[in-house]
Amino acid sequence: MLFVISKIRPALIRAAVARPGLTLSNSLSLSGPRNFATSRSLQTSPLAFDPAVQDQEHTMATQEGGKEGKKSGGGVTLKTPKGTRDWAGEDMLLRDDVFKTITDIFKRHGGSPLDTPVFELKEILAGKYGEDQRLVYDLGDQGGEICSLRYDLTVPFARWLAMNNVQQIKRYHLAKVYRRDQPAIARGRYREFHQCDFDIAGVYDPMIPDAEILRIIVEVFEALDLGITIKLNHRKILDGMFAVAGVPAEKTRTISSAVDKLDKMAWPEVKKEMVEEKGLAEEVADQIGEYVLNKGTVSQMVDYIRGNEKLIANETVKAGVDDMALLGTYLDAMEVSDKITFDLSLARGLDYYTGLIYEVINLPPKEDETSGKKKLKKDDPANQVGSIAAGGRYDNLVGMYGKKTIPCVGISFGVDRIFTILKARRERENAAKTRTTDVYVMAFGGKEFNGLLPERMSVASRLWKAGIRAEFSPKVKPKLPQQFKAAEDRDVPLGIILGQDELAAGQVRLKQLGQGTQAGASGDDDNRGKLVSLDDLAEEVKKLLL
């Protein structure tokens, strides 16, 4: 299903692709069966050759695409194109493990493999992606056919169904797709990336295939040991809700695109876009806000919508709610309801969705209060990649290519984003394995503080005798912030903090680092550490290191 690098929230990238005045027809000329010669047929404003703009793009390319390229002996720049990467060694092994994990689950559910050409006739892809149509890479005419690189795996699958008159199938497809997106490599967003899709095509009783797709999602991420939540909505509910609020039919998709940004923008900003940029009446925007800011379990949201007289009076909304009520029953039976959130702000900007829509959000691991592990930093990939899978029901897409309409529902896993999270986790685990120090011995005091260097040496010696890896600052009177920073730089999990009063009582403070304020900054014992007798210190440290 549509997803990735921004099947996952495609609306978020709608403006990031090109500077003003630049069209997105990036022509690639095929000069033989294996050779690609690139020719840019871009219509540009004078900005296209503005040195300031070029400098800005160069900086962005360097930041988002890895190391800056270097010149070879023949003067050729040695780098991968912006938004692409090479795969080798451990990275490729990890990626292949992800592939195998996902495809094994697809096979368990009766999936049959499929592969399609990397490029399609341009007319096959035209008009399927809404505002993101401009992200499609167009190829030059090299033989009487105008083609484009595939944007996703869903539209080629629909073309294959219609072309081969296939009426029912569970198919999976693992392949690269291409989008002229603004890349963000650290967050797993590329221009060339992998999708791993599973779709169920054919006529079935309502919501049965949809429930199985959601079950597959849960199985995949349990196998990968990643915590997730699956956000659901229904196009019929969304479209009916807009109609009830007073959105003109011709503005439904553009307003839907604005609503889809609520996971990144506050409601006042989204409302401003609706009113000032998209020309929606303010009272209509206010009505939309009353609806789309609601979320909860499937049963809670079904009750909410059925309890709203205006909404439930709309036949389109009613049909969508009936679907969701039935789905809730199946999700309970498949034991996945605890992973689901019914969120009325989920819109998904793709034009071909007709029913259930969903996206998967990674949940960073909860901090184990007894382990001493640090919380993930804001720039950790687990906090930055956004959606890691997405999809929905598309009942009319196949009918655009053939005489028969074949209902379909499916999911697309963003393998490169999943890889980004798993690699970061692997690096954290490896860092723990290669840590050289378990305890950092510190000291602090007031105006009469002399550094307590002999005392720090004595405590460190106690720990060394007990076989515990310990360090202390080699300065006579180190400042407390500098000691904490030294421990943080070494990724030391525990700190022992010495103070004059505590030492006089034969005690020190034992603190799990990275979990609170520095000692002395708060009167809270939880933040300052636990008081421990010097005689019991080694045993208490060993308990926390287990």
Can you give the accessible area of Ser533, probe radius 1.4 Å, in Å² rounded to 10?
40
Using the structure shown, select from Lys122/Lys170; Lys479/Lys530; Lys479/Lys542; Lys271/Lys403 the pairs with a Cα to Cα distance greater than 30 angstrom.
Lys271/Lys403
Once the mean 1/r over all distinct Cα pairs of region 244-356 is inverted, what Kirkwood radius in angstroms do you read off?
15.0
Expressed as a whole percentage, what fraction of the accessible surface of region 106-150 belongs to carbon and sulfur atoms when a 1.4 Å probe is rolled over the protein heavy atoms?
51
Would you mind pulling out the separation of the Cα centroids of region 296-335 and region 187-211, in Å?
23
Rounded, prolate or oblate for region 132-245? Axes are the square roots of the Cα gyration tensor eigenvalues, ordered a ≥ b ≥ c, and the cut-off for rounded is a/c under 1.5.
rounded
So the pair-distance distribution of region 396-520, from every Cα-Cα distance in 10 Å bins, comes to percents of 11, 31, 20, 10, 7, 6, 6, 6, 2
Say each of Leu545 and Arg108 gets a label point 7 Å from the Cα, pointing the same way as Cα to Cβ; how far apart are those two points in nm?
3.9
Kirkwood Rh, region 408-469, all Cα pairs: how many Å?
16.1
Beta carbons within 10 angstrom, averaged per residue: use that to sort the peptides 265-274, 123-132, 239-248, highest first.
239-248, 123-132, 265-274
How many Å² of accessible area per residue for region 165-288, probe 1.4 Å?
36
At a temperature of 37 °C and a viscosity of 0.692 mPa s, determine how fast region 472-516 diffuses translationally according to Stokes-Einstein, using the Kirkwood radius over alpha-carbon pairs as Rh; express D in µm²/s, rounded to the nearest whole number.
287
Given the whole protein assembly as supplied and a 1.4 Å probe, what does the accessible area of His109 come to in Å², nearest 10?
30
Sequence of Tyr440, Tyr401 from largest to smallest accessible area, 1.4 Å probe:
Tyr401, Tyr440
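The values are calculated or read from the model by the stated rules, or taken from the named source; none is laboratory data. Quantities reported herein were computed from a predicted structural model and do not represent experimental measurements. We place every Cβ from the backbone using ideal geometry, glycine too, and count neighbours over all the protein chains shown. Please note that ligands, DNA and RNA were not included when accessible areas were found on the heavy atoms of the full protein model with its side chains. Shrake-Rupley method; radii C 1.70, N 1.55, O 1.52, S 1.80 Å.
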